[in-house]
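Scroll down for the structure; my scribbles are underneath it.
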Amino acid sequence: MTDRIDHLSPREGAMPAMPALDALLHGAVDLHHHGFPEFTFAHPTRQSDAEELRQAAAAGMAGIVMKSHFFPTTTISWHLNQMGLGAEAFPSITMNPCAGGFLPVAVEAAARQGARVLFMPTWGAEADQRRGGMSRYLGGYLESAKKFLPEDGLTVLDSAGRIRPEVTDCLAIAAAFGMMVATGHISPRESVAVVTEARRLGVREVMFQHPDSHSIGATREDIRAIVAAGGTVEFCAIGFTPAFQRLPMAECLEIIREVGAENVVLTTDCFFGWMPPAPELLRMTLGSMLHHGLSHTDAALLVRDNPRRLLGLPAWAEAARAPELAAAQ
């Protein structure tokens with residue numbers, strides 16, 4: 001028996017290329033990615049942030065939004081971008097307590113250092129602590145996290161159900177600097193309020209984060225309400241991995257068809273050392289979606305056209321898209 005498999009590809013020993021699938025990542029942006037270190041050295045990622053960006057560039061991606069549950073990613077993104085890795089690190093700030101919570105001066109400082117995304121609280125959100133989401137996960141690594149109490153968590157609404165003034169101030173800064181807003185781990189009800197207030201203030205885009213996650217637990221009705229209010233729905237590739245299986249692929253595609261692919265993005269939420277690199281995780285998930293009936297046109301919306309729109313990047317040039325479209329025929 002021979003080890004030669006060159007009948008499979010012009011390159012000796014290589015498997016056949018999948019140009020139509022690979023081309024979907026050209027110009028793509030991962031809007032939700034956690035780097036290293038995040039909150040402890042005991043929670044490693046698969047590879048370094050620099051290597052992640054190198055692989056993103058090799059896949060033809062435009063860049064990755066660096067998100068942290070603890071600190072603004074402006075400094076690490078600046079240093080990564082000085083390395084000339086070929087794909088851009090887009091910085092962000094998450095309004096958890098250690099970054100000031102709903103603190104306008106922190107948001108403005110991050111914006112003036114290039115932050116492109118303003119995330120609502122994650123583990124610091126009352127909703128997350130009540131549901132035992134990321135806040136509970138932290139308790140496995142940080143002793144102090146075991147003392148979280150939902151009543152001490154952050155909410156965007158006051159007791160009368162109105163957006164808190166400090167939240168409005170933060171959203172106004174996001175609007176002034178052209179930042180995208182993402183809902184983090186606040187509740188679906190709070191998320192609708194944020195989308196509505198953000199759009200009123202002139203925020204271009206708001207992303208409703210991983211509605212299928214345990215931290216959120218949104219219903220189809222919640223998702224429809226977000227889209228009706230002007231928000232974009234996020235599904236994370238991590239949610240389709242065996243460790244999570246948040247939502248059956250078929251049900252996810254049903255939701256995409258219902259609300260329209262133009263209102264959905266696919267991110268990775270890369271966070272664990274056992275996960276593939278972000279470009280490959282996106283590619284795997286897109287391949288699965290295509291297998292289950294998603295069109296190439298809609299797939300391009302999910303990972304490239306919509307994320308670029310949300311970040312305020314130029315549309316992917318038609319000339320650059322021509323080879324991909326030809327390959328997909």
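Contact map, the range 142-155: residues that are closer than 13 Å to Thr122 by Cα paired with residues that are open to solvent by 80 Å² or more (accessible area, probe 1.4 Å), Cβ distance under 6 Å, separation 6+ or inter-chain. Pairs shown: Pro150/Arg130.
Condition test on Ala111, is it hydrophobic (A, V, I, L, M, F, W, C) and open to solvent by 20 Å² or more (accessible area, probe 1.4 Å)? Full working, then the answer.
Details: hydrophobic (A, V, I, L, M, F, W, C): yes; open to solvent by 20 Å² or more (accessible area, probe 1.4 Å): no.
Taking the combined requirement at face value, the residue does not satisfy it.
Is it true that Ser77 is open to solvent by less than 20 Å² (accessible area, probe 1.4 Å) and within 30 Å of Ala58 (Cα to Cα)? In short, yes. The set of residues in the range 14-51 being under 15 Å from the mean Cα position of the chain (by Cα) and not in a loop (DSSP other than H, G, I, E, B) consists of Val29, Asp30, Leu31, His32, His33, His34.
The set of residues in the range 226-249 that are in contact with a His (Cβ under 6 Å, 6 or more places away or on another chain) and open to solvent by 10 Å² or more (accessible area, probe 1.4 Å) contains only Met249. For the residues Ser191, Ser187, Ser144, Ser215, the requirement of being surrounded by fewer than 18 Cβ atoms within 10 Å (Cβ to Cβ) and polar (S, T, N, Q) singles out Ser144.
Note on the range 271-285: residues that are assigned to a helix (DSSP H, G or I) and not β-branched (Val, Ile, Thr) amount to 7. Of all residues in the range 31-61, those that are open to solvent by 30 Å² or more (accessible area, probe 1.4 Å) and charged (D, E, K, R) total 3.
Quick check: anything in the range 231-247 at pLDDT 95 or above and more than 20 Å from the chain's Cα centre (by Cα)? Within the range 231-247 (the criterion being at pLDDT 95 or above and more than 20 Å from the chain's Cα centre (by Cα)), the answer is no, since none of the residues qualifies.
The values are calculated or read from the model by the stated rules, or taken from the named source; none is laboratory data. Worth saying up front: this structure is predicted, and the values here are computed from it rather than measured. Quick reminder, even Gly has a Cβ in these numbers, built from the backbone with ideal geometry, and neighbours come from all protein chains shown. Only protein heavy atoms, including side chains, enter the accessible area calculation; ligands, DNA and RNA are left aside. Shrake-Rupley method; radii C 1.70, N 1.55, O 1.52, S 1.80 Å.
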